[in-house]
Amino acid sequence: MARKTVIAILVVVMFVVAVLIFMMKGPDVSQYEPLKEPRITTMQDRKMLVVEAKGDPGIVSKKAFGLLFKIYYKLDGVPKGPKQQAPRGRWSGNLNKRSDWIGRYAMPVPDSTTALPAIAAEPGFKVELTTWEYGTVAEILHIGPYSKETPTIEKLMKFIKDSGYTIIGYHEEEYIKGPGMFFKGDPEKYYTIIRYRVAKNGAPDSRLSIEQNNMLLK
């Protein structure tokens, strides 16, 4: 019995070490290198676990992502560890007042996910399962700190305009490599996909709402 216990402990320790090594090393980002140049592509709609919070991301994002992952890891039937997908965020609000930004911090989940565990969220944090629409999107890879995204966003917006498209959706970011749960890492090596839903100029869905047209340049 003692031998079996020792073996079980060793297996657990090896698993924890493997997870920590993966978190420190991060995912293989070489596949995203072509996205240094902007592109137009298509994506399927995706079911998402979302934590919505209003406020400066520099203040509320840590709590929002903490709550997001706390709920995600309590869900049954979702990929976990190295197999789980990268978290995403969508943003809207007053460009000039970060305290008014509305952040939607999200994780993709299987379509079979229909219920959430009972977890008490702090006031000001809303949790839901919803579907994010995609279709035609424009996207680009940003390498570096979030605070230095503006030139990359401007490059993407110029590409969208020059390609004859109009933005019809929120500013979205997919966090391929960034700060982990235990390690901040090197911000200069963060990998973030910046993305917008777009429509060809003149298409019926190319008319923007006031909110959707309020893009967030950091």
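Please pick out the residue among Leu156, Leu141 that is in contact with a strand residue (DSSP E or B) (Cβ under 9 Å, 6 or more places away or on another chain), part of a strand (DSSP E or B) and surrounded by 14 or more Cβ atoms within 10 Å (Cβ to Cβ).
So the residue among Leu156, Leu141 that is in contact with a strand residue (DSSP E or B) (Cβ under 9 Å, 6 or more places away or on another chain), part of a strand (DSSP E or B) and surrounded by 14 or more Cβ atoms within 10 Å (Cβ to Cβ) is Leu141.
Return the residues of the range 97-150 that are over 19 Å from Ser61 (Cα atoms) and of a type in the set (A, V, I, L, M, F, W, C); say none if nothing qualifies. Passing the criteria: Val109, Ala115, Leu116, Ala118, Trp132, Val137, Ala138, Ile140, Leu141, Ile143. Here the condition is being at pLDDT below 90 and either at positive phi or among the aliphatic types (A, V, I, L, M) (or both); of Gly144, Gly77, Gly93, Gly178, it holds for Gly93 alone.
Counting the residues of the range 165-176 that are farther than 11 Å from Ala138 by Cβ and either crowded, with 18+ Cβ neighbours inside 10 Å or more than 22 Å from the chain's Cα centre (by Cα) (or both) gives 5. Restricting Ser163, Ser147 to residues that are small (Gly, Ala, Ser) and under 22 Å from Pro204 (Cβ atoms) narrows the list to Ser163.
Answer yes if at least one residue in the range 58-74 is in a loop (DSSP other than H, G, I, E, B), in contact with a strand residue (DSSP E or B) (Cβ under 8 Å, 6 or more places away or on another chain) and either more than 19 Å from Glu174 (Cβ to Cβ) or at pLDDT 90 or above (or both), and no otherwise. Scanning the range 58-74, I find no residue that is in a loop (DSSP other than H, G, I, E, B), in contact with a strand residue (DSSP E or B) (Cβ under 8 Å, 6 or more places away or on another chain) and either more than 19 Å from Glu174 (Cβ to Cβ) or at pLDDT 90 or above (or both), so the answer is no.
Look at the range 107-135: where a residue is in a loop (DSSP other than H, G, I, E, B) and a partner is acidic (Asp, Glu), sitting 6+ places away or on another chain with Cβ atoms under 7 Å, you get Glu133/Asp45; Tyr134/Asp45. For the range 92-135, the candidate set comprises residues that are buried (at least 18 other Cβ atoms within 10 Å of the Cβ), closer than 19 Å to Ile194 by Cα and not small (Gly, Ala, Ser); within that set, the residue that is farthest from the chain's Cα centre (by Cα) is Trp101.
The values are calculated or read from the model by the stated rules, or taken from the named source; none is laboratory data. Computed from a prediction, not measured in an experiment: that's the story for all the values here. Positions of Cβ are backbone-derived with ideal geometry, glycine not excepted, and every protein chain shown enters the neighbour counts.
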